[in-house]
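What follows is a short report on a single structure.
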Amino acid sequence: MKPLLRALGGEIVTPPPVWLMRQAGRFLPEYQEVRAKAGGFLNLVYSPELAAEVTLQPVKRFGMDAAILFSDILIVPQMLGQQLEFAEGEGPKLGPLEIDKLKKEGFEEHAKPVWETVRRVKEQLPENCALIGFAGSPWTVACYMIEGGGSDTFDNARQFARSRPADFEKLIDRIITATLVYLEGQIEAGAEVIQLFDSWAGKCDNFQRWVIEPTAALVMILKSKYPKIPIIGFPRLASQQHMASYGVYTGVNCVGLDQSIDLDWATQSLARRTTLQGNLDPELLIRGGDEMRAGVDKILQHAKQRPWIFNLGHGVDKTTPPEHVAELIAQIRAG
Ligand code: 1CP
């Protein structure tokens with residue numbers, strides 16, 4: 001069985017399998033080339049041939065244990081009918097949000113090319129490499145839909161959730177419906193693992209209601225249809241107390257740790273039936289050298305104590321030298 005799937009099945013694999021969040025992206029010159037050819041980020045996402053190529057680039061260059069589908073968490077708002085654009089050099093921009101006008105069906109138009117990417121990647125995947133599909137978690141996707149783009153604080157989304165909980169709940173339900181269609185299609189097309197990115201979990205004021213419950217609902221429905229597909233949840237910057245409940249109550253097979261999480265605490269305290277993933281500081285990967293090696297060693301020590309997937313605590317930064325990633329993989333494989 002593929003090392004990543006063994007680790008997700010509860011086995012301590014030595015050395016641990018490794019992949020990196022945002023491993024396909026702007027730090028790779030070969031990505032920049034394909035991106036320029038596609039002429040725009042969304043064109044790249046919706047061109048299965050090119051999206052499959054960039055999905056496989058880091059696997060070919062570094063020999064990762066997993067490929068992660070090249071797409072974005074903001075495809076779900078677009079499936080729901082919200083306008084989406086990526087202006088060059090700026091972040092994503094979403095159009096005005098009208099919850100009652102969001103689509104309830106007909107999600108396939110935007111999802112189909114992404115499913116086709118999954119199919120193409122699967123055909124070309126090296127034998128021991130697993131294919132990860134993904135979506136944003138409902139809370140994080142709702143944050144972007146309300147703010148209309150990125151934010152350091154997501155104050156408007158937080159305010160909305162506090163002051164209009166019934167409308168917020170309706171929005172979360174719509175996101176869950178579209179996300180299920182999106183993820184089920186990915187699984188049918190060949191995704192072997194699903195990761196739910198909850199990048200803004202740390203900004204949620206009612207963690208139980210808006211992070212844990214919607215995630216648990218998604219996991220339960222996916223598991224009832226696809227009991228063998230492992231699910232990784234990544235509640236970034238959630239407090240220790242919230243992380244602990246997340247591991248117990250969402251039903252995920254694996255909890256992703258950001259770099260703020262203390263590894264002794266996590267190894268001792270997070271739900272024993274979960275595999276852990278993480279959590280090298282992306283800043284150490286930029287710096288490289290002794291500092292990076294020490295950070296990697298510390299994680300490898302913990303990876304001997306529990307089933308583990310080596311990863312960063314957040315995505316690869318665009319200024320990361322690709323040689324550092326090669327050195328990182330070599331160090332992990334050397335044990
Ligand atoms: O110009 C470009 O090439 C755009 C940069 C880029 C890339 C490479 C964006 C825009 N999205 C992606 C791909 C992507 N996004 C992947 C697949 C690639 C891989 O992992 O190898 C994945 C898993 C994501 C997930 C994603 N998109 C998240 C969750 C992870 C995280 O970083 O927290 C989030 C928050 C997004 C939204 C998004 N998409 C793109 C940007 C610049 C952003 C962040 C916007 C913001 O908050 O300001």
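Below, the figures for the structure above:
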{"quantity": "Subset of region 23-67 [part of a helix (DSSP H, G or I) and of a type in the set (Phe, Trp, Tyr)]", "calculated": "Tyr31, Phe41, Phe62"}
{"quantity": "Complete set of residues in region 133-156 that are polar (S, T, N, Q) and crowded, with 18+ Cβ neighbours inside 10 Å", "calculated": "Ser137, Thr140"}
{"quantity": "Some residue of region 1-21 being over 25 Å from Thr267 (Cβ atoms) and of a type in the set (A, V, I, L, M, F, W, C)", "calculated": "no"}
{"quantity": "Flag if Ala303 is crowded, with 21+ Cβ neighbours inside 10 Å and farther than 15 Å from Met64 by Cα", "calculated": "yes"}
{"quantity": "Filter result for Gln159 (surrounded by fewer than 20 Cβ atoms within 10 Å (Cβ to Cβ) and either of a type outside the set (Val, Ile, Thr) or within 11 Å of the ligand (Cβ to nearest atom) (or both))", "calculated": "yes"}
{"quantity": "Single condition Glu85 does not satisfy, out of (1) outside any loop (DSSP other than H, G, I, E, B); (2) over 30 Å from Arg6 (Cα atoms); (3) free of Cβ contacts under 8 Å to residues at least 40 places away in the same chain", "calculated": "(3)"}
{"quantity": "Residue in region 6-29 that is over 22 Å from Leu257 (Cα atoms) and of a type in the set (Ser, Thr, Tyr) present", "calculated": "no"}
{"quantity": "Filter result for the condition that a residue is more than 10 Å from the ligand (Cβ to nearest atom), within 18 Å of the chain's Cα centre (by Cα) and of a type in the set (A, V, I, L, M, F, W, C), over Leu74, Leu56", "calculated": "Leu56"}
{"quantity": "Condition met for Thr140 (within 30 Å of Ala191 (Cα to Cα), within 9 Å of the ligand (Cβ to nearest atom) and in a helix (DSSP H, G or I))", "calculated": "yes"}
{"quantity": "Residue that is nearest to the chain's Cα centre (by Cα), among those in region 4-49 that are near the ligand (Cβ under 9 Å from one of its atoms) and closer than 30 Å to Arg306 by Cβ", "calculated": "Met21"}
{"quantity": "Filter pass, Glu188 being on the phi < 0 side of the Ramachandran plot, part of a helix (DSSP H, G or I), among the acidic types (Asp, Glu) and in contact (Cβ under 8 Å) with a residue 60 or more places away in the chain", "calculated": "yes"}
{"quantity": "Qualifying residue in region 4-12 (condition: basic (Lys, Arg) and either out of contact with any helix residue (DSSP H, G or I) (no Cβ under 8 Å at 6 or more places or on another chain) or touching a residue at least 40 places away in the same chain (Cβ under 8 Å) (or both))", "calculated": "yes"}
{"quantity": "Checking Leu97 against (1) within 12 Å of the ligand (Cβ to nearest atom); (2) surrounded by fewer than 22 Cβ atoms within 10 Å (Cβ to Cβ); (3) assigned to a loop (DSSP other than H, G, I, E, B), the condition it does not meet", "calculated": "(1)"}
{"quantity": "Of all residues in region 218-232 being touching a Cys at 6+ places or on another chain (Cβ under 8 Å) and β-branched (Val, Ile, Thr), the one that is surrounded by the most Cβ atoms within 10 Å (Cβ to Cβ)", "calculated": "Ile232"}
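Conditions (1) in contact with a strand residue (DSSP E or B) (Cβ under 9 Å, 6 or more places away or on another chain); (2) touching a residue at least 12 places away in the same chain (Cβ under 8 Å), marked per residue:
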site: Ile132; (1), (2): yes, yes
site: Ser137; (1), (2): yes, yes
site: Tyr144; (1), (2): yes, yes
site: Gly149; (1), (2): yes, yes
site: Asp152; (1), (2): no, no
site: Asp155; (1), (2): no, no
site: Ala161; (1), (2): no, yes
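Read-outs: derived from the displayed coordinates by stated rules, not from any lab. If you're wondering where the values come from, they're calculated on a predicted model, not measured in any experiment. Neighbour counts run over all protein chains shown; Cβ positions are idealised from the backbone, glycine included.
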